[in-house]
Amino acid sequence: MEPQLLHRVADSVATVVVHHPAKRNAMTAPMWRALPGLLDALAGDPAVRALVLTGEGATFCAGADISTLRESAEEVQGLAVRAEEALAAFPKPTLAAIRGHCVGGGVQLAAACDLRFTEESALFGVTPAKLGVVYPASSTRRLVALTGPATAKYLLFSGELIDAERALRTGLVDEVLPTGELGRRVTEFTRVLASRSRLTQAAAKEFANGRTDRDAYWSARARGSGDTAEGVAAFLERREPRFGWSAPRSTPTSG
């Protein structure tokens with residue numbers, strides 16, 4: 001099978017799989033190019049309540065396919081940044097499910113997700129210093145926002161790999177799971193995400209991404225949505241809520 005992005009939708013969750021196992025799921029230029037369009041289609045699918053990004057088999061993503069950088073490094077980097085920004089702007093909750101190596105462009109993709117769950121054996125690295133590549137400013141800011149400047153500099157200056165425990169301690173990932181437990185936990189957690197208010201999630205995602213000037217907008221959406229009334233009623237009646245608000249196709253975000 002050619003290197004490609006695979007996807008499926010089940011139980012209100014879209015799963016996007018980076019499929020290039022011959023090169024540890026390294027991203028080719030066509031794969032970077034395809035991601036924004038795929039995400040746009042999934043954002044517009046009312047059946048999708050959350051999105052999981054993962055890699056084929058035992059690894060997440062080893063970054064950009066190095067063979068594509070020899071003649072077109074600048075072009076590939078531009079494609080990677082556009083793909084990363086499209087992932088960050090996806091209007092519904094996103095979760096990176098990480099096994100094995102998450103390196104270079106793999107970290108770009110994982111960092112652009114809202115949450116990152118990983119197996120305990122995973123390894124993480126940001127390796128442009130090994131190639132003489134300038135890591136994009138937007139990607140650097142996103143990495144700093146997750147880990148703080150000291151850890152971001154450690155990763156970027158050295159290109160060294162860190163383990164899952166250190167990634168958790170520094171904020172690069174949110175949960176570390178024993179080997180074999182990642183799939184179960186991701187299924188369990190995305191089921192929770194799909195059951196919650198999309199209105200709350202969309203507003204929280206905007207605010208967390210820096211759009212703190214939109215209180216009035218989201219207050220108006222809340223008044224007209226019925227979600228608050230449904231949530232309160234469900235709590236008082238001791239039942240699961242049935243939230244009805246639908247997210248827009250895209251949510252503005254700040255790099």
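Values quoted throughout were computed directly from the atomic coordinates according to the rules given, and no laboratory measurement underlies them. Quick caveat, the model's predicted, so the values are computed rather than measured. Reconstructed Cβ throughout: ideal geometry from the backbone, glycine too, with neighbour counts over all protein chains shown.
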Order of LEU39, LEU123 - criterion: other Cβ atoms within 10 Å of each residue's Cβ, fewest first: LEU123, LEU39
Among beta bridges that DSSP assigns inside the chain, antiparallel share in %, nearest 5: 30
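How would you order 41-47, 138-144, 30-36 from highest to lowest mean count of nearby Cβ atoms within 10 Å? Show your work: numbers first, answer last.
Numbers: 41-47: 13.7, 138-144: 18.3, 30-36: 20.0.
Highest-to-lowest ranking by the protection proxy: 30-36, 138-144, 41-47.
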Global form of region 110-248, assessed from the alpha-carbon gyration tensor, a/c cut-off 1.5: oblate
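List, in the order given, every pair from LYS23/LYS153; LYS92/LYS205; LYS92/LYS153 whose Cα-Cα distance in the structure shown is over 20 Å. It would help to have the intermediate numbers written out before the result.
Values: LYS23/LYS153 27 Å; LYS92/LYS205 8 Å; LYS92/LYS153 30 Å.
LYS23/LYS153; LYS92/LYS153, as the Cα separations exceed 20 Å there.
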Nearest-20 debye value, the chain charge dipole, Cβ charges on Lys, Arg, Asp, Glu: 400
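Specify, per residue and in Å³, the volume enclosed by the convex hull of the alpha carbon atoms belonging to region 4-192.
On the way: hull volume 19.0 nm³, N = 189.
Convex hull of Cα atoms, per residue: 101 Å³.
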Loop-located trypsin sites (Lys or Arg not before Pro) in region 36-92 whose Cβ has at most 10 other Cβ within 10 Å (DSSP): none
Fewest-first sequence of ASP40, ASP11 by Cβ atoms within 10 Å of each Cβ: ASP11, ASP40
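What ranking do 91-103, 159-171, 177-189 get when scored by the average of other Cβ atoms within 10 Å per residue, highest first? Don't jump to the answer; show the numbers that get you there.
Values: 91-103: 24.7, 159-171: 16.6, 177-189: 14.5.
Result, highest mean first: 91-103, 159-171, 177-189.
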